[in-house]
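Worksheet: one structure, shown below.
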């Protein structure tokens, strides 16, 4: 099993650092180089690769500086996204090897048009597609694309750890409790999250098992969610339930 460490950046971003026992590492979505370089120096790590999920600046802003510090770094990024300095373009179904573990590339459009996720070693690095208790805004994609992307993620094994890129859990839970106020799993999760955040502890990673119990965007087939959006949806299909839920969250 690979070791993963979070590097906090900006107000609520997580840059993920995956490291091997022999002092080599990979980082995911380095929006800022400064905290990454600090950790690499402190722990005497060599940066082998950068994995990118999508093109937003808070995910790629540190790439150029890291490339200068580590000229041989392999920059792995989705082929359909405008990302500078890419050395390995990837698409849905491609594989990336990280310290002996194979990671599959999943195309998960919705937040952006070419967004990808990386899954392997029972870990999912999903950028801004899935959050704990929520999902990304639809900046470039359609509700149908994002719904399909979330269904693709939901089909992964329940024990998969979800390494998303933001600490949005508390605000997501606040909305989820309005959308599904009688969900006992959600009520318990709110208590857990409140306790963790009060101590300054991250709520990430979550697991897909947990998300299927508490995340309204993965529960659009449930009668409780359909009832909550009934006055906002055009029909009661799972897709329209998702679309109505996302519109509601945008205004929440």
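Within the stretch 1-24, which residues are touching a residue at least 40 places away in the same chain (Cβ under 8 Å) and in a loop (DSSP other than H, G, I, E, B)? Those that are touching a residue at least 40 places away in the same chain (Cβ under 8 Å) and in a loop (DSSP other than H, G, I, E, B): 1, 2, 10, 12, 20. With respect to the stated conditions, residue 47 fails to be surrounded by 15 or more Cβ atoms within 10 Å (Cβ to Cβ), modelled with pLDDT of 95 or more and either under 21 Å from the mean Cα position of the chain (by Cα) or assigned to a helix (DSSP H, G or I) (or both).
Filtering the stretch 185-200 to residues that are surrounded by fewer than 20 Cβ atoms within 10 Å (Cβ to Cβ), touching a residue at least 24 places away in the same chain (Cβ under 8 Å) and more than 23 Å from residue 13 (Cβ to Cβ) leaves only 185. Among the residues making up the stretch 56-86, those that are in a loop (DSSP other than H, G, I, E, B) and under 25 Å from residue 102 (Cβ atoms) are 70, 72, 73, 79, 80, 81, 83, 85, 86. Taking the stretch 50-76, which residues are in contact (Cβ under 8 Å) with a residue 40 or more places away in the chain and either over 19 Å from residue 87 (Cβ atoms) or surrounded by fewer than 23 Cβ atoms within 10 Å (Cβ to Cβ) (or both)? Hits for the stretch 50-76 are 55, 56, 58.
Does the stretch 32-40 contain at least one residue that is part of a loop (DSSP other than H, G, I, E, B) and either in contact with a helix residue (DSSP H, G or I) (Cβ under 8 Å, 6 or more places away or on another chain) or at pLDDT 95 or above (or both)?
Scanning the stretch 32-40 turns up at least one residue that is part of a loop (DSSP other than H, G, I, E, B) and either in contact with a helix residue (DSSP H, G or I) (Cβ under 8 Å, 6 or more places away or on another chain) or at pLDDT 95 or above (or both).
In the set (1) crowded, with 21+ Cβ neighbours inside 10 Å; (2) at positive phi, the condition left unmet by residue 15 is number (2). Selection of the stretch 18-36 for residues being on the phi > 0 side of the Ramachandran plot and surrounded by fewer than 20 Cβ atoms within 10 Å (Cβ to Cβ) yields only 23. Looking across the stretch 151-184, just one residue is surrounded by fewer than 13 Cβ atoms within 10 Å (Cβ to Cβ), under 26 Å from residue 106 (Cβ atoms) and without any contact (Cβ under 8 Å) to a residue 12 or more places away in the chain, and that is 155. Only one of the numbered conditions (1) assigned to a strand (DSSP E or B); (2) over 19 Å from the mean Cα position of the chain (by Cα); (3) more than 30 Å from residue 147 (Cβ to Cβ) is violated by residue 89, and that is (3). Among the residues of the stretch 201-230, those that are surrounded by fewer than 21 Cβ atoms within 10 Å (Cβ to Cβ), touching a helix residue (DSSP H, G or I) at 6+ places or on another chain (Cβ under 9 Å) and over 19 Å from residue 164 (Cα atoms) comprise 221, 222, 224, 226, 228, 230. With the condition kept exactly as written, say whether any residue in the stretch 169-182 is at pLDDT 95 or above and in contact with a strand residue (DSSP E or B) (Cβ under 6 Å, 6 or more places away or on another chain). Yes, that holds for at least one residue.
Just to check your reading of the model, which residue among 108, 96 is in contact (Cβ under 8 Å) with a residue 40 or more places away in the chain, closer than 23 Å to residue 172 by Cα and in contact with a strand residue (DSSP E or B) (Cβ under 8 Å, 6 or more places away or on another chain)?
The match here is 108.
The values are calculated or read from the model by the stated rules, or taken from the named source; none is laboratory data. From a predicted model like this one, the values you see are computed outputs, not experimental measurements. Virtual Cβ from ideal backbone geometry, glycine too; neighbours counted across all protein chains shown.
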